[in-house]
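The values are calculated or read from the model by the stated rules, or taken from the named source; none is laboratory data. Computed from a predicted model, the values in this text were never measured in an experiment. Note that we place each Cβ from the backbone using ideal geometry, even for glycine, and neighbour counts take in every protein chain shown.
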């Protein structure tokens, strides 16, 4: 009898322990409810501010004190006001191992498409998950912790030795080719390491195909030259044998500005220098993301913009190719005529050609970039640039076309109006014809036709090059027309559509 009671007691103990082990464990997390919430060194406004967090971001709670919450934040800890947050209890499960089925799988700050993108997983990257919210899994990848949609992950079996289970940090030997990539941008730097901080070893061109021997953190290590290797940015290339991407993925990312007069900075902080300004609706290609800041392409250089004042967009290459109004992959050099002490033509009301061509150039640049083109400019300020330097800029660039902008003038005794397009080399006649036709259709000004013109900037140019005379400043009525915003927008649209037609 005593022995029977002992075994019954042992069974009950085992049952209780088993039941306790099967119960879910809850980990508190906090969701930020306001923009620019201060993170402080202690639980109170009397403590120093050590940073900021932003609306929609999620952080793990490590401690509570009064109305303040201590969060795990950027590899350290800090305190935020509880009344400006929402606390969630998250159910955790036993750890499971997964791998990404696709390249550039997004890691988001919250379980849903509204969560901001914190980073990416490459195909076959291995991750662990202990938390689930609907179809979303909370994973940790390097220093990034965030949410990934479960449909784009596959559960990993430790005993599975298939190629799909390859470790993300696999290091290929120089002779072990893992595939091929094709360059998708006009000029791409090959660097000494998988980072924009790596030394530039050489440059490769659009359409060229290279074997790659490793991939890591969105970078490919390629073979180039005589056995040389280097790293290229994965978001600017495509795999030659690449599978169809997941619905939530994209081969390109860009942001649009939500406000006028937006600061573009030299680094990912408000403490960094302002290098430019943007207007509401302006779009920029994303190079990378650092914390809550986007690294963007800006005037052929790089800049940073705060993530909380932009909207992120994606568009696949397949979609772009179907867009009939696209200049994706094209590089256009815009040459605003005259400048500095060379004021060019003087209008009847006192307007300067050099200032008007610069205004037009910026509008054309904006419209071309919206159509997907990369735009270079021979000048961006009212400064003098010699004709030989302008043609040198073009010849040494990767431009697909060179467009020089001018406004015309005639003696006051002659009544002259309308638009001319000039070319010098016979090969550029079609470019002049395409833009002339489009400009006349867009503006309605008099069609003065295309002509051969012996102008230095197009004569000494090895690229497809034309010079446009966009109206007469010597005619009082036409001067007022060409200075107006309506006409300027019509010119921008005409040049853009003319280039699209030409490249078709």
Index of the failed condition, residue 339 passing every other in (1) exposed (fewer than 14 other Cβ atoms within 10 Å of the Cβ); (2) at pLDDT 90 or above: (1)
With the requirement that a residue be surrounded by fewer than 18 Cβ atoms within 10 Å (Cβ to Cβ), without any contact (Cβ under 8 Å) to a residue 60 or more places away in the chain and farther than 21 Å from residue 503 by Cα, what does segment 415-444 give you? 416, 444
Kindly list, by first and then second residue, each pair from a residue in segment 29-50 that is in contact (Cβ under 8 Å) with a residue 40 or more places away in the chain to a residue that is part of a strand (DSSP E or B) and exposed (fewer than 14 other Cβ atoms within 10 Å of the Cβ), limited to pairs with Cβ atoms under 6 Å and residues at least 6 apart or on different chains. 30/87; 31/86; 33/86; 38/49; 40/49
Can you tell me which residues in segment 199-221 are in contact (Cβ under 8 Å) with a residue 40 or more places away in the chain, outside any loop (DSSP other than H, G, I, E, B) and surrounded by 16 or more Cβ atoms within 10 Å (Cβ to Cβ)? 213, 214, 215, 216, 221
Looking for whichever is in the same structural domain as residue 476 (by TED's automatic domain parsing) and either free of Cβ contacts under 8 Å to residues at least 60 places away in the same chain or touching a helix residue (DSSP H, G or I) at 6+ places or on another chain (Cβ under 7 Å) (or both) here; the options are 399, 371, 410. Which one fits? 371
I need the full set of residues from segment 30-54 which are closer than 19 Å to residue 268 by Cβ and in contact with a helix residue (DSSP H, G or I) (Cβ under 7 Å, 6 or more places away or on another chain), in order please. 35, 37, 54
Would you say residue 297 is crowded, with 19+ Cβ neighbours inside 10 Å, at pLDDT 75 or above and not in a loop (DSSP other than H, G, I, E, B)? no
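Kindly evaluate residue 372 against the criterion of being more than 30 Å from the chain's Cα centre (by Cα) and surrounded by 19 or more Cβ atoms within 10 Å (Cβ to Cβ).
When the stated conditions are applied, residue 372 does not pass them.
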Any idea which of 387, 356, 346 is touching a residue at least 60 places away in the same chain (Cβ under 8 Å), more than 29 Å from residue 184 (Cα to Cα) and more than 34 Å from the chain's Cα centre (by Cα)? 346
Which of the residues that make up segment 114-139 are under 26 Å from residue 293 (Cα atoms) and not in a strand (DSSP E or B)? 114, 115, 116, 122, 123, 125
